[in-house]
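Here the structure comes first, spelled out in structure tokens, and everything after it is commentary.
The values are calculated or read from the model by the stated rules, or taken from the named source; none is laboratory data. Computed from a predicted model, the values in this text were never measured in an experiment. We place every Cβ from the backbone using ideal geometry, glycine too, and count neighbours over all the protein chains shown.
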């Protein structure tokens, strides 16, 4: 008898599960369209993102060189990194490039966005003109232009000569001089402040005008208005721009490759992180080591982003 | 009071104009220099052309190593146009599914899309290269074209999600009541209303593929199949020491498609940046 009761209960549970399944399959039909529209993305995610990410994580622990069988070598690649002179140079070069370039770029972007926001004649045209360099800046053509502007017979030396500076200065090729080469690259980065400027401009328009009016009635000076209204209200957008621009700048490749050449410029002065990665992967075919370098980049960027978020927590003001 | 404001605005406009001239001077100088004979270019800083010539353009059009500029341009379009098509189709699908349809793990998928936007492509670069090498696709445009049909670029997915979310829901609800299934809602309602998003995404997709020197250099090997971006390096090797003018002319010509897009679709570019808040 007892056995039968147990059996019945089990049977009932089984039935209810089938019912549950049929209810699920009903919703499944309503999901099928969504799955259909998502399917290219799902396939792409697995084949072109998830699989490569894990595969490169595996490669980072091997000595794979594209031609021989990959051999598992543990953390050797990461140990090598710590002692790799050129790698450390690329870290310093990239750090300088990002550390000076991005803050300057954002300062210009914010400054001009504020001037444009306060009102100029022909705002539409200025907005477009200031954005133009950001649109063109990543191209090979502009990197070539930079070589021609900062080369020994270029525009800059022409201008310096016209100012009456001696030949010892105007004969310098700013791109092949290791002291100045990175400077030209930073100028190129700052020159492209247009896209963060547009984002700042959109953000400034979101700040309620009443705040400024109230401040005006209370007789607040412009500097305090900037410090106590504009900055706090804009802080989430500043944070966003900062993080995105750091991520982009860290990955910048084409200008350094064209301006300094495929080996990193004079005395490795233009050896950006991704350029070194390229050299290791596609000149020396050390795919395992290059994967380790790529993974360190991901970890560095992730850590940097987290750090900025943590540090900014007390400064950034979120309305809700 | 009003007069004071006008003076201020005028002063600011003058300041901003000077900044604009400073910013665009190298570009204008490049265009002007491209019409100068070789001897006039060295350290010339003004914008006056003393001896006008088209010689630089003629030599630039002839190309390098037997491939003309026109052929480089055709190659570029053969690469860029399929990428744009693939991106627009696949990313608008994703945008529609996430903005309008219901399915499990939707918010998780959205998070993944945001994450892929920030993930450096370098971490996937080497495995993809190995994968395409095994498929025998090295030296073809396929490694650059095929992924675009699978909505791999998070930015475009995000752009479509945001845009489609802004379309009034009543429109597709009405269509559903009239008997449309989600597929016809997409093709009859959402896609036609998303034309501005298609234009914005199309422009950015065009520009980034056009400028994507890194990937093109890795996958395209035969000089006769080089794109503009790769060809410019060929020009640099061939002319930099001897013919500055040709370099200027090639640079100018390579920027023309971007400039045309910029002038004709400026509104979409500016709004695209402002609403999605991303790079350019």
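Values computed for the structure shown
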read-out	value
Flag if residue B:252 is touching a helix residue (DSSP H, G or I) at 6+ places or on another chain (Cβ under 7 Å), in contact (Cβ under 8 Å) with a residue 24 or more places away in the chain, within 30 Å of residue B:40 (Cα to Cα) and surrounded by fewer than 23 Cβ atoms within 10 Å (Cβ to Cβ)	yes
Matching entry among A:149, A:120 (being within 7 Å of chain B (Cβ to nearest Cβ), buried (at least 17 other Cβ atoms within 10 Å of the Cβ) and outside any helix (DSSP H, G or I))	A:120
Some residue of the stretch B:63-72 being farther than 20 Å from residue B:204 by Cα, exposed (fewer than 13 other Cβ atoms within 10 Å of the Cβ) and within 11 Å of chain A (Cβ to nearest Cβ)	no
Every residue from the stretch B:114-126 that is surrounded by fewer than 23 Cβ atoms within 10 Å (Cβ to Cβ) and farther than 18 Å from residue A:249 by Cα	B:114
Exclusive hit being more than 26 Å from residue A:293 (Cα to Cα) and in contact (Cβ under 8 Å) with a residue 24 or more places away in the chain, set B:129, B:150	B:150
Residues satisfying the stated conditions in the stretch A:63-95, i.e. touching a residue at least 12 places away in the same chain (Cβ under 8 Å), surrounded by fewer than 12 Cβ atoms within 10 Å (Cβ to Cβ) and closer than 14 Å to residue A:296 by Cα	A:75
Leading residue by the ranking (nearest to residue A:112 (Cα to Cα)) among those in the stretch A:182-232 that are assigned to a loop (DSSP other than H, G, I, E, B) and under 17 Å from the mean Cα position of the chain (by Cα)	A:193
Residue A:107 vs. criteria more than 7 Å from every other protein chain (Cβ to nearest Cβ), within 30 Å of residue A:175 (Cα to Cα) and modelled with pLDDT of 90 or more	yes
Residue selected from the stretch B:24-52 under the condition more than 10 Å from every other protein chain (Cβ to nearest Cβ), assigned to a helix (DSSP H, G or I) and in contact (Cβ under 8 Å) with a residue 60 or more places away in the chain, by the criterion farthest from residue A:123 (Cα to Cα)	B:38
Candidate set: the stretch A:297-320, residues that are surrounded by 15 or more Cβ atoms within 10 Å (Cβ to Cβ) and over 15 Å from the mean Cα position of the chain (by Cα); chosen: the one farthest from residue A:203 (Cα to Cα)	A:312
So residue A:115, is it over 19 Å from residue A:202 (Cβ atoms) and either assigned to a helix (DSSP H, G or I) or at pLDDT 90 or above (or both)	no
Qualifying residue in the stretch A:277-286 (condition: under 24 Å from residue A:78 (Cα atoms), more than 12 Å from chain B (Cβ to nearest Cβ) and in a helix (DSSP H, G or I))	yes
Single unsatisfied condition, residue B:224 versus (1) buried (at least 23 other Cβ atoms within 10 Å of the Cβ); (2) more than 8 Å from every other protein chain (Cβ to nearest Cβ)	(1)
Any chance residue A:143 is closer than 23 Å to residue A:194 by Cβ and without any contact (Cβ under 8 Å) to a residue 40 or more places away in the chain	no
Residue in the stretch B:93-102 that is free of Cβ contacts under 8 Å to residues at least 12 places away in the same chain, touching a helix residue (DSSP H, G or I) at 6+ places or on another chain (Cβ under 8 Å), farther than 27 Å from residue A:273 by Cβ and within 11 Å of another protein chain (Cβ to nearest Cβ) present	yes
Filter pass, residue A:181 being surrounded by 21 or more Cβ atoms within 10 Å (Cβ to Cβ), at pLDDT 90 or above and facing chain B (nearest Cβ under 8 Å)	no
Whichever residue in the stretch B:236-247 is within 20 Å of residue A:257 (Cβ to Cβ) and either out of contact with any strand residue (DSSP E or B) (no Cβ under 6 Å at 6 or more places or on another chain) or within 8 Å of another protein chain (Cβ to nearest Cβ) (or both) and, among such residues, is surrounded by the fewest Cβ atoms within 10 Å (Cβ to Cβ)	B:241
Flag if residue B:21 is in a helix (DSSP H, G or I) and either closer than 30 Å to residue B:239 by Cβ or touching a residue at least 12 places away in the same chain (Cβ under 8 Å) (or both)	yes
Residue among A:300, A:271 that is under 18 Å from residue A:92 (Cα atoms) and away from chain B (no Cβ under 14 Å)	A:271
Any hit, the stretch A:89-103, residues being more than 9 Å from chain B (Cβ to nearest Cβ), part of a loop (DSSP other than H, G, I, E, B) and over 30 Å from residue B:255 (Cα atoms)	no
Check on residue B:163, over 21 Å from the mean Cα position of the chain (by Cα), modelled with pLDDT under 95 and more than 7 Å from every other protein chain (Cβ to nearest Cβ)	no
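Every residue, every condition in (1) surrounded by 19 or more Cβ atoms within 10 Å (Cβ to Cβ); (2) out of contact with any helix residue (DSSP H, G or I) (no Cβ under 9 Å at 6 or more places or on another chain), yes or no:
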site	(1), (2)
A:167	no, no
A:194	yes, no
A:213	no, yes
A:225	no, no
A:244	yes, no
A:260	yes, no
A:273	yes, no
